[in-house]
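See structure below.
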Amino acid sequence: MSGAMTLPTVLTGVFVTILDFFIVNVAIPSVESDLHSGSTATEWVVAGYGLAYGSGLILGSRLGDIHGRRRVFTIGLALFTVASVACGLAPDANTLVAARIAQGLAAAVLSPQVLAIIRTAYVGSAQARAVGAYAMTMGLAAVFGQLIGGALIQADVFGLGWRACFLINVPIGLVVLTVAKRVLPESRNESAARLDPIGAGLITLALIAALLPLIEGREQGWPMWTWFSFAAAALLPVGYVLRRHEAPVVDTALFRERAFTIGMFATLVFTMGMAAYFLVFALYMQQARDLDALEAGLIFAPVGMGYLTASLIAPRLVARFGRHVITAGAGVRALALTGLLLAVHHDAPLAVMAPVLAVDGLGMGLALAPLLGTVLAAVPQRHAGAAAGVLTTAQQAGGALGVGIVGVVFYGAADNGDNIPQAFEHSLVYLIAVAVALGILVRLLPEPRVTTPSPPHRSVQPTRRQPTPTS
């Protein structure tokens with residue numbers, strides 16, 4: 001029984017961390033009104049979480065390697081639950097941003113343990129199915145986050161309003177903490193080396209240097225410091241590569257596999273479009289179409305349906321067509337976003353947008369699950385923890401950077417909120433370009449060399465590892 005609960009337990013943990021990146025989108029207007037915050041604070045509420053999440057992931061994965069993935073998973077979940085309470089009780093925008101950053105750091109401790117536990121608890125086709133379930137869980141958390149957030153705000157349980165979007169994590173966290181200690185297998189890398197805080201610091205500073213001017217620069221008129229910050233964002237990774245450390249926080253051996261390197265950048269690009277899309281679409285629906293939080297959340301239901309459908313059929317398609325399915329997913333996204341751009345430009349009814357959104361969700365599902373499977377297939381077992389950290393860092397860093405970039409585009413064209421439809425149109429042009437870039441990157445991926453994931457709705461049982469080497 002405990003083995004049967006391993007996957008649901010870790011997936012619930014990753015579900016709430018991804019959910020909290022997206023659930024705030026429909027809550028933003030309520031937060032701005034209640035806390036009297038501006039556009040910069042709005043972006044920090046979303047991107048600050050992603051920045052902290054992404055910058056701490058690699059160090060979080062190393063902690064799991066050293067101290068045990070189950071132990072670190074439970075510590076991260078406990079910290080995440082406490083930070084969620086702080087978010088839900090925040091009296092002002094600055095406190096909320098600080099609590100969101102703390103929440104992101106806790107998620108960075110928790111999240112990389114999920115992929116590492118999957119990689120060590122399952123082998124062969126069972127592992128492939130578990131990875132497929134992981135990818136589908138992330139996508140569903142993202143696309144249904146808006147709907148869940150809208151329902152919580154509309155229900156206004158105990159008069160909490162938008163605060164319920166954060167406080168909902170508390171009962172979930174307590175239940176998972178109770179179960180995790182009994183059902184999760186413990187694993188660690190017996191040869192794991194000591195931590196590399198300097199290396200982790202360089203990576204964190206590079207992400208901050210890239211994101212800070214994206215969020216603050218537009219409102220301040222792009223002063224000179226913003227350009228120095230962009231330059232630092234380019235130079236700091238070079239400094240990391242040139243420095244020597246006996247156990248660097250990122251093992252450069254990971255990048256000897258073309259599938260991992262290209263796949264990591266493709267993942268980064270994919271999430272640069274996904275997180276940004278959900279934010280500006282929610283703003284457009286509430287501020288231009290005058291929908292309430294629940295109605296805006298319901299608009300995302302077709303996206304979720306399309307994503308779920310694609311996640312179920314993608315494994316069979318990948319078995320036949322390989323990485324071309326990911327390319328097709330990127331192309332479908334680009335076409336759907338183009339259709340959405342035309343619908344917005346002509347002020348089409350929401351009923352016209354619904355099928356376009358379903359097609360967009362289909363493109364997301366065709367891209368994400370096969371992409372993750374291709375990347376992880378190239379990673380030897382001994383690098384499971386490090387690879388999980390790097391891959392999830394790319395996901396969260398991409399989300400944060402995408403929010404920063406689309407914020408420049410959206411708020412720059414919004415003209416103090418007077419031209420939201422045009423701002424959304426400009427944002428869609430950026431998102432179409434991101435989808436095209438993803439399709440180009442995927443063409444550089446090699447064909448998968450492992451068993452393709454089967455539909456993740458099947459029950460997954462842990463399989464005893466055989467003493468044969470893994471690729």
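Derivation of every value follows stated rules applied to the coordinates shown; laboratory data play no part. From a predicted model like this one, the values you see are computed outputs, not experimental measurements. Because the Cβ atoms are built from the backbone with ideal geometry, glycine has one as well, and the counts that use them run over all protein chains shown.
Apply the Karplus curve 6.51 cos²θ - 1.76 cosθ + 1.60, θ = phi - 60°, to the phi angles in region 51-64 and return the couplings in whole Hz, x for Gly and Pro.
Couplings: 5, 5, 4, x, 6, x, 5, 5, 5, x, 5, 5, 4, x Hz.
Given Cα pairs under 8 Å that are at least 6 residues apart, what percent is the relative contact order of region 193-278?
On the way: 49 pairs, mean separation 30.5, N = 86.
Computed over region 193-278, the figure is 36 percent.
How are the alpha carbon pair distances in region 196-248 distributed across 5 Å bins from zero to the largest one, expressed in percent?
Bins of 5 Å from zero give 5, 22, 26, 18, 13, 9, 5, 2, 1 percent of pairs.
Counting Lys and Arg as +1 and Asp and Glu as -1, each charge on the Cβ, what is the dipole of the chain about the Cα centre in debye, to the nearest 20?
Working: 28 positive and 24 negative charges, 495 e Å.
Roughly 2380 debye for the chain.
To the nearest 10 degrees, how steep is helix 350-377 against the longest Cα principal axis of the chain, on a 0 to 90 scale?
Helix 350-377 sits at roughly 20 degrees to that axis.
With angles folded into 0 to 90 degrees, how steeply does helix 301-321 sit against the dominant principal axis of the chain? Use alpha carbons for both and round to 10.
Taking Cα atoms only, the helix is inclined about 40 degrees.
How far is helix 258-287 tilted off the main Cα axis of the chain, in degrees rounded to 10, range 0 to 90?
For helix 258-287, the angle is close to 30 degrees.
So what J values fall out for region 428-441 if you push phi through Karplus, 6.51 cos²θ - 1.76 cosθ + 1.60 with θ = phi - 60°, rounded to Hz, Gly and Pro as x?
5, 4, 4, 5, 5, 4, 5, 5, 5, 4, 4, x, 5, 4
Let me know the Kirkwood hydrodynamic radius for the chain, please, with Cα pairs as the basis and the value in Å to one decimal.
Values: mean 1/r = 0.0453 Å⁻¹.
Evaluated over the chain, this radius sits at 22.1 Å.
Kirkwood Rh over Cα pairs of region 1-117 into Stokes-Einstein at 10 °C, 1.306 mPa s: D in µm²/s? Don't jump to the answer; show the numbers that get you there.
Values: Rh = 14.6 Å.
Using the Kirkwood radius from Cα pairs, D works out to 109 µm²/s.
Net charge near Ile405, counting Lys/Arg +1 and Asp/Glu -1 over other residues with Cβ under 13 Å of its Cβ?
Values: positive: Arg218; negative: Glu43.
Taking every Cβ under 13 Å from that of Ile405, the sum is 0.
With θ taken as phi - 60° and the coefficients 6.51, -1.76 and 1.60, list the Karplus ³J(HN,Hα) couplings across region 104-114 in order, rounded to whole Hz; mark glycine and proline as x.
For region 104-114, the Karplus curve yields x, 5, 5, 4, 5, 6, 6, 4, x, 5, 5 Hz.
Scan region 230-321 for trypsin sites (Lys or Arg not before Pro) in coil per DSSP, keeping those whose Cβ has at most 12 other Cβ atoms within 10 Å, and list them by number.
Loop-located and lightly packed - Arg243, Arg244.
How long are the three semi-axes of the equivalent ellipsoid for region 145-195, computed from the Cα gyration tensor as the root of 5 times each eigenvalue, in whole Å, largest first?
Values: eigenvalues 258, 38, 17 Å².
Equivalent-ellipsoid dimensions as semi-axes: 36, 14, 9 Å.
Out of the GluC sites (Glu not before Pro) in region 233-339, which ones are loop residues according to DSSP with at most 14 other C-beta atoms within 10 Å?
Glu246
With 18 Å as the cut-off, how large is the P(r) tail for region 272-334, expressed as percent of Cα-Cα pairs? Please list the in-between numbers first.
Numbers: 962 of 1953 pairs.
The calculated P(r) of region 272-334 puts 49 percent of pairs beyond 18 Å.
With a cut-off of 8 Å between alpha carbons and a minimum separation of six or more residues, what is the relative contact order of the chain in percent? Show your work: numbers first, answer last.
Details: 880 pairs, mean separation 126.2, N = 471.
27 percent.
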